[in-house]
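The values are calculated or read from the model by the stated rules, or taken from the named source; none is laboratory data. Source: prediction; values computed, not measured. Note that each Cβ is placed from the backbone with ideal geometry, even for glycine, and that neighbours are counted across all protein chains shown. The protein model used for the area step is the full one, side chains on, heavy atoms only, and it has no ligands, DNA or RNA in it. Shrake-Rupley method; radii C 1.70, N 1.55, O 1.52, S 1.80 Å.
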Amino acid sequence: MVNETAAGGRALVTTDTGGPRPDHDPADDALAGVSTGAVARRLGVSPTTVRSWERRYGIGPSHREPGRHRRWSPADIALLEEMCRLTSRGVPPGEAARAARPPEPGPARPDPASAAAPAGPGPRPPGGSRAMPVGTVRPECRGLARAAVRLDGPEVADILRLALAELGPERAWTEVMMPALRAAGRKWAADGEQYVEVEHLLSWHVSAALRAVAVTPARFRSGPPVLLAAMPAEQHTLPLEAVAAGMAVRGLPYRMLGATVPARALLDAVQRLGPSAVLLWSQSERTADPLLARQVDRAVWGPPGSRTRSLVVAAGPGWHRHDPPAPTGRPRTLEAALDLIEQSFTDRPPTTRPAEPPR
């Protein structure tokens, strides 16, 4: 039997006779590496995936003693992280393995101490794995979920930036961002507070990526802007930010009011701006307010004889069980909402000015 106690920065190893033997260095544990399960949890993949990469492509521990479990060194973990980054961009695993390996045998890879997994496996999360199931989705979405589980902010930002550039805001939101956010929400609900950090990191980066598109200078059409607002009790704004990014790409002017807009402030903004459309976002049935939607729909402005009113767009799942007033639109997708809003504009020459920053 061996017992360990801390003393003077080194561990004292005592045998059954109780005699201390100060010959154990904690650095030896780091050199011994970490287990496959700990590596899989860090990467946000299953241990089966890690073992499959080793079996099929030779991406395995650089050192393994006969009769003992696999132990992954910092350099081995760096190689696996590169595999994850490449496969998340849609690179086939075989090609990713060839690209991830050093170009030729030589000195060991630099030790990425700041990115390496802890020497010990750490507490095991509920269910045995920190992987975040996302179902059948694009490779970018799967890579986004894995990076979020690893709390790899730079990789999350890169995946989002490339998705927006290659797919545009509408498809990037629908096919990459939204499935990953829903998966994080399901994990949070199922496992309590354990996945809050994943959801918060992912949400922050999604918001930052969408806003970067929404405030990029663009050629906007002339005409009254669209007013984007969440209902008075609604705090979720990521879908509104996706709408703003989509409008910027389409050249549709907008004004963003953001979350929890009081009824009086919303009605006052409608009167002051005379918007071509008002999009009212509600995430849950509790925050939907049909009465306020009717008030917005009845608001008119302009000189007598040429009164104008806005198209009211009731967007979000909160409206599904409510009957908004006609002719209020109730789109089910981001693309449908943008198409509906675009119909409220007349064909006027575009004017060049910077996008309005979301508030």
* For region 215-307, accessible area per residue (1.4 Å probe, heavy atoms of protein chains only), Å² -> 42 Å²
* Amide hydrogen neighbours beyond the local backbone of Gly258, cut-off 5 Å, H modeled -> Ala230, Arg359
* Structure fact -> Taking only protein heavy atoms and a 1.4 Å probe, the highest-to-lowest accessible-area order of Trp301, Trp319, Trp204 is Trp204, Trp301, Trp319
* Looking at His205, Pro262, Leu238, which one has the Cα that reaches farthest to the positive end of the dipole of region 162-303 (charges on Cβ: Lys, Arg +1; Asp, Glu -1)? -> Pro262
* Asked: Using the Karplus equation 6.51 cos²θ - 1.76 cosθ + 1.60 (θ = phi - 60°), what ³J(HN,Hα) coupling, rounded to whole Hz, does each residue of region 209-215 give in order, writing x for Gly and Pro?
  -> 5, 5, 5, 4, 6, 5, 9
* Give a residue-ordered list of calculated ³J(HN,Hα) values for region 70-79 (Karplus: 6.51 cos²θ - 1.76 cosθ + 1.60, θ = phi - 60°; whole Hz; x for Gly, Pro). => 5, 10, 9, 7, x, 5, 4, 5, 4, 5
* Asked: For the peptides 258-270, 330-342, what is the packing order when you average, over each peptide's residues, the other Cβ atoms within 10 Å and list the highest mean first?
  -> 330-342, 258-270
* Asked: Cα gyration tensor of region 186-289, axes a ≥ b ≥ c as square roots of the eigenvalues: rounded (a/c below 1.5), prolate (a/b > b/c) or oblate?
  -> oblate
* To do: Return the long-range amide H neighbours of Trp72 (sequence gap of 5 or more, or a different chain), with a cut-off of under 5 Å between placed amide H atoms.
  => Val34, Ser35
